[in-house]
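Step one of this worksheet: look at the structure below.
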Amino acid sequence: MSGVREAAGEEHAPGTETVRERRLHPVTPLRRAWAPVAVVVGFAVHDPNGTQRRLSELAVTHLLAGVAVVLLGGAFYGFMSWWFTHFAVTGTELRIRTGLIFRRTAHIRLDRLQAVDVTQPLAARIAGVAKLKLDVVGAEKKDELAYLGQEEASALRAELLARAAGFAPETAHEVGEAPVSNLVHVQPRMLAISLVLTGTTWGMLVATLVVPPLLWFATHNLWTVLATGLPMLGGAFASSIGRFIGEYDWKVGESPDGLRIDHGLLDKAHETVPPGRVQTVRVVEPWLWRRRGWVRVELDVAGSSNGVLVPVAPREVAEAVIARILPGVRVPAPAELIRPPARAAWCLPVWWKGYGLAVTDTVFAARHGLLRRRLSLVPHAKVQSVRLTQGPWERFKGVADVEVDTGANKTVTARFRPAGEAAELLSAQAERSRTSRRTARPDRWMA
Amino acid sequence: METGTAQPARPEESGAEPVWTGLPRGLLRMRRLLLVVWLVPIAAAVGVLLWIFAGPGWSAFAALPLAVVAWGWPMLGRNWRSWRYAERADDLLISRGVLWREETIVPYGRMQLVEVTSGPVERHFGLASVQLHTAAAATDARIPGLIPEEAERLRDRLTELGEARSAGL
């Protein structure tokens with residue numbers, strides 16, 4: 001229906017009115033201006049002594065001329081790449097045309113949009129611009145529009161989502177931002193405590209404190225110590241303070257456009273996941289959080305790199321959020337999960353106890369991990385294929401694994417089910433995913 | 001113990017009993033021939049070279065590739081017998097493996113692409129393999145070594161059913 005109307009619209013107003021090509025924000029050339037400078041700096045760092053010698057040999061005029069050439073070249077390159085980048089929103093597609101020498105045209109089908117992110121790195125925040133990133137399945141390279149003005153970016157996001165949702169093309173750009181109702185707001189205090197209670201944070205810190213001195217005693221070589229110590233320090237920073245900065249002020253909201261996730265202290269990110277795009281939800285429960293009843297919720301969206309839904313929240317809150325993003329889904333309580341039979345201990349001692357499975361009428365839920373428990377939920381409608389595997393030792397013990405593949409390239413495995421039950425589960429799961437798919441929402445969720 | 005002893009010939013499917021199809025005998029012939037074609041010359045080369053450079057006693061090592069042939073011959077047979085597939089009303093079943101058994105169910109509606117491939121050796125033996133792709137890369141639904149007419153029939157039927165039941169992501 002909308003196709004017909006759209007064609008009529010294009011006939012009615014050919015060319016410029018319907019497909020209006022736009023350019024990015026004029027700040028954009030600066031984004032690449034640092035590249036030549038970085039090359040020079042990198043070269044200098046690579047060979048410090050030689051650089052110093054050559055610098056002292058150069059006359060001041062030469063030096064200035066060199067700097068001018070580098071700056072002008074960078075500015076010219078930045079300007080040209082900005083000048084030749086256009087984008088346009090049509091009824092069904094977002095078209096990006098770019099490239100000075102190697103031309104590239106990308107047409108992104110809006111009804112296949114998996115997620116839209118508006119991100120603002122610190123420098124971009126100062127300049128008042130934002131980056132729009134689009135996730136589509138199958139593209140290994142993310143298409144992004146960098147940079148756009150702040151208001152323009154959110155207006156464009158609203159328009160893209162409205163068109164993806166199936167609003168009439170004439171009204172799509174007037175729909176505006178959909179109203180958001182807040183579901184979760186993670187307090188900084190809670191986030192800090194949760195990071196303190198995470199094992200990896202401490203592991204990285206301890207390793208950073210212990211390994212370099214040991215290396216120093218072993219080798220007495222400053223370079224070796226630096227070469228191992230600095231990456232480790234970086235890792236420790238990323239897993240503690242870096243995560244705090246990234247996950248600061250985490251907000252999850254719900255709007256007709258889908259799920260809104262806003263976070264960041266320095267770099268701001270606003271992610272939007274349209275309805276029905278979530279393939280898997282994982283409830284992660286580190287050992288030290290269990291006493292407080294906190295969990296972390298992760299999600300998989302096909303073709304998207306966004307992995308976290310809620311960095312930390314009390315279990316009830318997390319379950320309420322999951323119920324909103326996967327309508328009709330209830331997270332099975334730990335007691336509902338069925339453990340493998342005791343003979344599975346022969347296949348995997350100790351750890352077998354961490355496994356568990358529950359199948360409700362909406363999700364396939366499998367848990368693994370003994371200390372850090374991870375419960376993966378796959379809605380039946382998102383199952384791509386089902387598989388039963390059984391190794392020789394497992395067959396001897398009469399158990400088998402059931403694997404469920406989802407569209408986000410993740411496989412959820414229910415390990416060590418009794419063989420008979422596994423075979424039944426296999427066919428029942430195929431049946432369930434087939435029938436529940438019939439009632440799934442359409443790609444254009446407002447149409 | 002209940003599922004699949006060495007002969008996984010009897011499926012214990014509930015409801016509609018799937019009609020299993022095995023793979024053509026040509027595939028087994030091809031695999032066995034490849035085994036012999038590769039390993040017998042290796043055995044000969046090892047034997048001759050060791051005889052010349054290290055002495056007659058060392059050439060006994062040539063028995064090693066021959067032992068592999070003797071062991072691989074029945075193994076290929078078992079593996080070939082374990083492969084089978086069944087087309088049901090709404091999904092495709094593929095079952096395979098002797099020690100590491102695997103049974104995959106791919107609903108027709110999830111198929112993104114059906115691929116028929118055939119290399120030069122396969123073509124010589126009149127074989128072609130069918131590979132199904134879903135949106136999940138982990139889906140390993142491959143049927144090796146079908147006769148080309150069957151492969152094409154399967155491909156056409158699968159695409160037809162896939163279109164009828166299309167469900168996407």
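For the stretch A:247-393, what percent of Cα pairs sit more than 20 Å apart?
Numbers: 5580 of 10731 pairs.
Tail fraction, whole percent: 52.
Just list whichever of A:353/A:397; A:133/A:382; A:251/A:382; A:133/A:251; A:131/A:410 have alpha carbons separated by over 21 Å in the model shown. Mind dumping the intermediate values first?
Values: A:353/A:397 16 Å; A:133/A:382 24 Å; A:251/A:382 26 Å; A:133/A:251 19 Å; A:131/A:410 28 Å.
Exceeds cut-off: A:133/A:382; A:251/A:382; A:131/A:410.
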Taking only protein heavy atoms and a 1.4 Å probe, what accessible area per residue, in Å², does chain B have with all protein chains in place? 54
Can you figure out the FRET efficiency of residue A:181 with residue A:22, using R₀ = 30 Å and their beta-carbon distance, to the nearest 0.05? 0.45
If I compute solvent accessible area with a 1.4 Å probe over the protein chains, what percent of it on the stretch A:292-447 is carbon and sulfur? 56
Over all directions, how big on average is the projection of the convex hull of the alpha-carbon atoms in the stretch A:184-302, in square nanometres? 9.5
Going 7 Å from the Cα of residue B:73 toward and past its Cβ, which residues in the stretch B:26-61 have a backbone nitrogen under 11 Å from where you end up? B:36
Pairwise Cα inverse-distance average, inverted: Kirkwood Rh of the stretch A:188-247 (Å): 12.3
For every helix of n ≥ 4 consecutive DSSP H residues, a contribution of -39,500 (n - 2.57) applies; sum these over chain A, divide by its total residues, and give [θ] at 222 nm rounded to the nearest 500 deg cm²/dmol. -12500 deg cm²/dmol
Can you list residues from other chains, or at least 5 along the same chain, whose modelled amide H is less than 5 Å from the amide H of residue A:302? A:279
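Just the accessible area per residue of the stretch A:248-315, please: how many Å² with a 1.4 Å probe? Before the final figure, lay out each step's value.
Numbers: 2060 Å² over 68 residues.
Per-residue value: 30 Å².
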Taking the Cα atoms only, what angle lies between the long axis of helix B:63-82 and the longest principal axis of chain B, rounded to 10 degrees? 10
Output the residues of the stretch B:139-153 meeting this criterion: accessible area (heavy atoms, 1.4 Å probe) in the chain alone minus accessible area with all protein chains in place is 10 Å² or greater. B:139
Note on the stretch A:315-447: alpha-carbon gyration tensor, axes a ≥ b ≥ c; rule is a/c under 1.5 for rounded, else prolate if a/b larger than b/c, else oblate; result oblate
Over the alpha carbons of chain A, what is the largest minus smallest coordinate on each principal axis, giving the biggest first in Å? 82, 79, 43
Quote the total accessible area buried by chains B and A together, excluding ligands, DNA and RNA, probe 1.4 Å, nearest 100 Å². 2600
What helices does chain A have that are whole DSSP H segments, at least 30 Å long along their own axis by Cα, and with mean Kyte-Doolittle hydropathy of 1.0 or more? A:60-83
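The values are calculated or read from the model by the stated rules, or taken from the named source; none is laboratory data. Just so we're clear, the structure is a prediction, and the values are computed from it rather than from any experiment. Using ideal geometry, Cβ is built from the backbone for each residue, glycine included, and neighbour counts are taken over all protein chains shown. Heavy atoms of the whole protein, side chains included, go into the accessibility calculation; ligands, DNA and RNA do not. Shrake-Rupley method; radii C 1.70, N 1.55, O 1.52, S 1.80 Å.
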